[in-house]
Amino acid sequence: MTQSVVSRNPGVNRPLLNRARSDEEIANQLLNTKSAKFSERLIGYSLVACGLISVLTTVGIVLVLIEEALQFFGDVSLVDFLFGTEWTALFADGSFGVLPLVTATVMIAALSMVVAIPVGLLVAIYLSEYASPKVRSVLKPVMELLAGVPTIVFGYFALTFITPSVLKPIFSETQVFNILAASIAVGIMVIPLVASLSEDALSAVPRALREGAFGMGATRMEVSTQVVVPAALSGIVASIVLAISRAFGETMIVAIAAGSKAQIADNPLEPGQTMTGFMVQAFSGDVETGSTVYKSLFAVGLLLFLITLVLNLISNRIVAKFREAYD
Amino acid sequence: MSALASGPDVAATDLLDSTQLKGRARKATIFRTLLFAAVGFTIAMLGVLIGPR
């Protein structure tokens with residue numbers, strides 16, 4: 001191979017080629033030693049072990065959830081659990097209809113997206129298409145700072161600022177614990193997630209597409225909304241679905257701000273209890289290990305896991321459908 | 001070139017219709033204002049969250 005290269009290129013630097021050849025021989029010799037082979041194999045095994053740890057942990061969690069949930073469904077029927085409209089698990093003779101928890105969870109996730117998607121997308125478009133490199137270098141870390149605020153702080157923010165200073169003056173019937181304040185706080189919490197991931201997707205759109213649109217006389221807004229956003233749609237949708245999953249699984253904000261009254265959520269100004277909110281309430285109390293209430297925690301956890309799994313699968317399908325490949 | 005020459009009979013003044021241009025410029029301004037508002041909202045929320053109460 002190298003011989004034919006040399007014969008085809010008479011001007012090639014022969015001393016340099018000879019040196020490269022000798023370097024290659026030395027490298028081969030080093031790789032063929034016993035210790036080198038052993039360390040290579042060791043690194044390979046270590047990497048496989050690292051991969052297995054995360055996979056096995058996930059499998060273990062799912063197995064525990066399924067095992068305990070199956071025991072729960074020995075006490076309460078699956079139909080009563082999925083379609084019952086009363087959740088009084090912590091009462092003496094409790095009911096285990098999960099619909100109140102599911103409706104509150106879905107309502108909080110949906111309302112939080114009303115805040116997070118428009119604001120997050122607009123921030124992403126600003127960072128990607130409008131901001132100068134200097135402004136972006138300041139704004140991006142500030143956004144990441146917001147993502148680093150502990151969720152319990154957002155919970156108190158909802159309880160002590162959003163409800164009394166924002167919602168009460170507008171809706172006088174707002175209760176102290178309410179779904180809307182929790183939703184707004186969750187929405188604000190996931191803004192950096194939507195903005196950061198969407199900005200990455202927008203920045204990955206090839207420059208030639210923008211230049212083509214500018215060449216046709218499009219304004220910056222037209223380029224952003226009609227060229228760049230459609231081209232980055234798969235990444236944007238993925239960020240949104242990820243944010244929805246995050247909102248579904250959010251715990252501390254809803255536990256603090258939404259209250260602990262499990263009822264079918266039909267009014268966002270009233271309290272409601274989400275699936276994670278119930279788990280916090282039950283675990284922070286004195287639930288007896290092995291009791292039906294204890295097992296119900298795993299059933300609720302399994303349902304939450306399945307909802308998140310379905311959302312992730314939908315996200316993968318959407319990403320595959322809208323994916324645009326550019327050279 | 002020939003395609004341009006035999007294209008629809010549109011006057012340059014129609015192509016550069018000032019009302020249409022003004023409309024596009026207005027939309028662009030509104031959009032830019034929205035972008036600034038979104039960024040301002042996010043920064044303000046951060047300020048309220050971590051700032052002194």
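The values are calculated or read from the model by the stated rules, or taken from the named source; none is laboratory data. As the structure is a computational prediction, the values presented were derived from the model and not from experiment. Using ideal geometry, Cβ is built from the backbone for each residue, glycine included, and neighbour counts are taken over all protein chains shown.
Side notes on the structure shown:
- Reported count of residues in the stretch A:44-82, each being of a type in the set (A, V, I, L, M, F, W, C) and closer than 16 Å to residue A:306 by Cβ, is 14.
- Residue in the stretch A:123-131 that is more than 14 Å from every other protein chain (Cβ to nearest Cβ) and out of contact with any strand residue (DSSP E or B) (no Cβ under 7 Å at 6 or more places or on another chain) present: no
- Residue that is farthest from residue B:34 (Cα to Cα) [pool: residues in the stretch A:137-150 that are buried (at least 16 other Cβ atoms within 10 Å of the Cβ) and either within 11 Å of chain B (Cβ to nearest Cβ) or polar (S, T, N, Q) (or both)]: A:149
- Of the candidates A:287, A:310, A:300, the single residue that is more than 17 Å from residue A:104 (Cβ to Cβ) and outside any loop (DSSP other than H, G, I, E, B) is A:310.
- Of everything in the stretch A:181-227 that is among the β-branched types (Val, Ile, Thr) and away from every other protein chain (no Cβ under 13 Å), the residue that is surrounded by the most Cβ atoms within 10 Å (Cβ to Cβ) is A:205.
- Checking each residue in the stretch A:162-180 for being crowded, with 17+ Cβ neighbours inside 10 Å and within 14 Å of chain B (Cβ to nearest Cβ) picks out A:162, A:163.
- Against the list (1) without any contact (Cβ under 8 Å) to a residue 60 or more places away in the chain; (2) not polar (S, T, N, Q); (3) not in a helix (DSSP H, G or I), the condition residue A:264 fails is (1).
- Residue that is nearest to residue B:28 (Cα to Cα), among those in the stretch A:102-114 that are in contact with a helix residue (DSSP H, G or I) (Cβ under 9 Å, 6 or more places away or on another chain) and surrounded by fewer than 22 Cβ atoms within 10 Å (Cβ to Cβ): A:114
- Only listed residue being within 15 Å of the chain's Cα centre (by Cα), loosely packed, with under 12 Cβ neighbours inside 10 Å, part of a helix (DSSP H, G or I) and at pLDDT 85 or above, chosen from B:32, B:26: B:26
- Within the stretch A:179-194, the presence of a residue that is among the hydrophobic types (A, V, I, L, M, F, W, C), touching a helix residue (DSSP H, G or I) at 6+ places or on another chain (Cβ under 7 Å), farther than 24 Å from residue A:321 by Cα and at pLDDT below 90 is excluded.
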